[in-house]
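Below is one structure, written out as structure tokens; comments come after it.
The values are calculated or read from the model by the stated rules, or taken from the named source; none is laboratory data. Small disclaimer: the values here were computed from a predicted structure and weren't measured. Don't worry about glycine lacking a Cβ; one is built from the backbone with ideal geometry, like all the others, and counts go over all protein chains shown. Please note that ligands, DNA and RNA were not included when accessible areas were found on the heavy atoms of the full protein model with its side chains. Shrake-Rupley method; radii C 1.70, N 1.55, O 1.52, S 1.80 Å.
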Amino acid sequence: MTRTKGYAAREAKGQLSPWIFDRREPGPRDVQFDILYCGVCHSDLHQIKNEWGNSSFPMVPGHELVGRVTKTGTEVSKFKPGDLAAVGCLVDSCRHCDNCAEGLEQYCQNGNSQTYNSMEQDKKTPTYGGYSKLMVAHEDFVFHISDKLPLETVAPLLCAGITTYSPLRHWQVGNGHKIGILGLGGLGHMAVKFASAFGAEVTVLSSSPSKEADSSRLGAHKFLLTKDPVQLKSAQGYFNFIIDTVSAPHDHNVFLGLLRTNGVHICLGAPPKPTEIFGFNLIGGRKSIAGSLIGGLPETQEMLDYCAAQSIVPDVEVIDIKYIHTAYDRMLKGDVHYRFVIDMASL
Ligand code: NAP
Ligand code: ZN
Ligand code: ZN
């Protein structure tokens, strides 16, 4: 065991404080790395407040980790000390179910091991995330990252990046499609960057008028203020797809009206309360509501390589870990531009 330092929530009150805990010694296939930066996802906030009802404490959040390898197990072939490395939302899975065999570890039929607030595959050892100094993970779940991109900007690709890249690829969004990105936060701004890079016409659907100027800089072609009924009316039946990244409860029926025939509303945001859908809003236009969870191992590496090749990086605000509660407060107000990333040197 190696002692390390982290920031942990001890109860569901949304407060974090320093915590000393142990990481395992690297096994034969494990990679150990110093965490240099960790992104702050809205899921961290949902979970430290137990908004999804499945939280266990103490909890060290964080699933957008990047750093430098310090030690490798005897059988590790992908990494050596000194390499850059990254871990996203998963640290293990059963590896033999149909989904794992297809590289869809996020949908492991036997239950994957998430990076925090989860269990290792022994189903009894808790996992602790990236708001910490040190990480140990099986090399299969550790990604290579480019040294061409600023390291702090790479971190959010590990969740916000892959979570938006994966559904855009799955539904083959590109030339000729009109897509609306609902909510311009961490996930939303990456969806804008990817969808415009893939050739779609991109409209930001935002509740914040102040984000209009940023939208075009991020690659969007249009901006629609969701609080304005006139603007909503003008976009009825317009979109082939809507990517919904809103973290708080909202009325999906409003946005189903913006889809054209065969349109798909893709839920990525995970508000803590269920939503009511009026069946006629789907029936009248053969529309679908779908969802998508992060991405599997091969697609995550593909996305990281794509971002390095195309120089696509998130817009980040690097913070000291002591700023985390202010960052969460700002996140709740939609005041994120567009991902907070913790500089782990501050821990
Ligand atoms: P975020 O940075 O906080 O962005 C969420 C955005 O939603 C806000 O910036 C805001 O954009 C919009 N919003 C609209 N109404 C809001 C309200 N009442 N309160 C707060 N925000 C509101 O969050 P994120 O990290 O992108 O995560 C978004 C959601 O996706 C979360 O629920 C998270 O748990 C979930 N998530 C899902 C997956 C997955 O695999 N499916 C992965 C990661 C995260 P505007 O100002 O433009 O309206
Ligand atoms: Zn996340
Ligand atoms: Zn599996």
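For the range 116-129, enumerate the residues that are open to solvent by less than 70 Å² (accessible area, probe 1.4 Å) and either away from ligand 2 (no atom under 16 Å from the Cβ) or touching a residue at least 40 places away in the same chain (Cβ under 8 Å) (or both). Walk me through how you get there before you give the answer.
The initial filter retains those residues of the range 116-129 that are open to solvent by less than 70 Å² (accessible area, probe 1.4 Å), namely 116-118, 120-121, 125-129.
If the condition is that a residue be open to solvent by less than 70 Å² (accessible area, probe 1.4 Å) and either away from ligand 2 (no atom under 16 Å from the Cβ) or touching a residue at least 40 places away in the same chain (Cβ under 8 Å) (or both), then Y116, N117, E120, Q121, T125, P126, Y128, G129 are the ones that fit.
Out of C108, C100, one residue alone is modelled with pLDDT of 95 or more, over 25 Å from C307 (Cα atoms) and within 16 Å of ligand 3 (Cβ to nearest atom). It is C108. Per the listing H189, H221, the residue uniquely under 23 Å from the mean Cα position of the chain (by Cα) and under 30 Å from E302 (Cβ atoms) is H189.
Matching residues to (1) surrounded by 18 or more Cβ atoms within 10 Å (Cβ to Cβ); (2) within 15 Å of ligand 1 (Cβ to nearest atom); (3) acidic (D, E); (4) touching a residue at least 60 places away in the same chain (Cβ under 8 Å):
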site: Q236; (1), (2), (3), (4): no, no, no, no
site: I242; (1), (2), (3), (4): yes, yes, no, yes
site: L256; (1), (2), (3), (4): yes, no, no, no
site: N262; (1), (2), (3), (4): no, no, no, no
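Would it be correct to say that I324 is in contact with a Lys or Arg (Cβ under 9 Å, 6 or more places away or on another chain) and within 18 Å of A160 (Cβ to Cβ)?
It is false that I324 is in contact with a Lys or Arg (Cβ under 9 Å, 6 or more places away or on another chain) and within 18 Å of A160 (Cβ to Cβ).
Among the residues of the range 190-207, is any under 16 Å from V173 (Cβ atoms) and of a type in the set (K, R)? Checked the range 190-207: at least one residue is under 16 Å from V173 (Cβ atoms) and of a type in the set (K, R). Among the residues of the range 269-291, the ones that are in contact with a strand residue (DSSP E or B) (Cβ under 6 Å, 6 or more places away or on another chain), closer than 23 Å to H189 by Cβ and outside any strand (DSSP E or B) come to 1 in all. The residues on offer are S113, S132, and the sole one that is in contact with an Asp or Glu (Cβ under 8 Å, 6 or more places away or on another chain) and open to solvent by less than 20 Å² (accessible area, probe 1.4 Å) is S113.
Residue-wise test of (1) in a loop (DSSP other than H, G, I, E, B); (2) assigned by TED's automatic domain parsing to the domain that holds A235; (3) closer than 16 Å to G295 by Cα; (4) touching a residue at least 12 places away in the same chain (Cβ under 8 Å).
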site: Q172; (1), (2), (3), (4): yes, yes, yes, no
site: I181; (1), (2), (3), (4): no, yes, no, yes
site: L187; (1), (2), (3), (4): no, yes, yes, yes
site: V202; (1), (2), (3), (4): no, yes, no, yes
site: S210; (1), (2), (3), (4): no, yes, no, no
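For first residues located in the range 89-115 and without any contact (Cβ under 8 Å) to a residue 24 or more places away in the chain, partners that are among the aliphatic types (A, V, I, L, M) and within 16 Å of ligand 2 (Cβ to nearest atom) and lie 6+ apart or on another chain with Cβ distances below 7 Å form the pairs N112/L90; S113/L90; S113/V91. Residues considered: P28, P61. Of these, the only one that is at pLDDT 95 or above and either crowded, with 20+ Cβ neighbours inside 10 Å or not in a loop (DSSP other than H, G, I, E, B) (or both) is P61.
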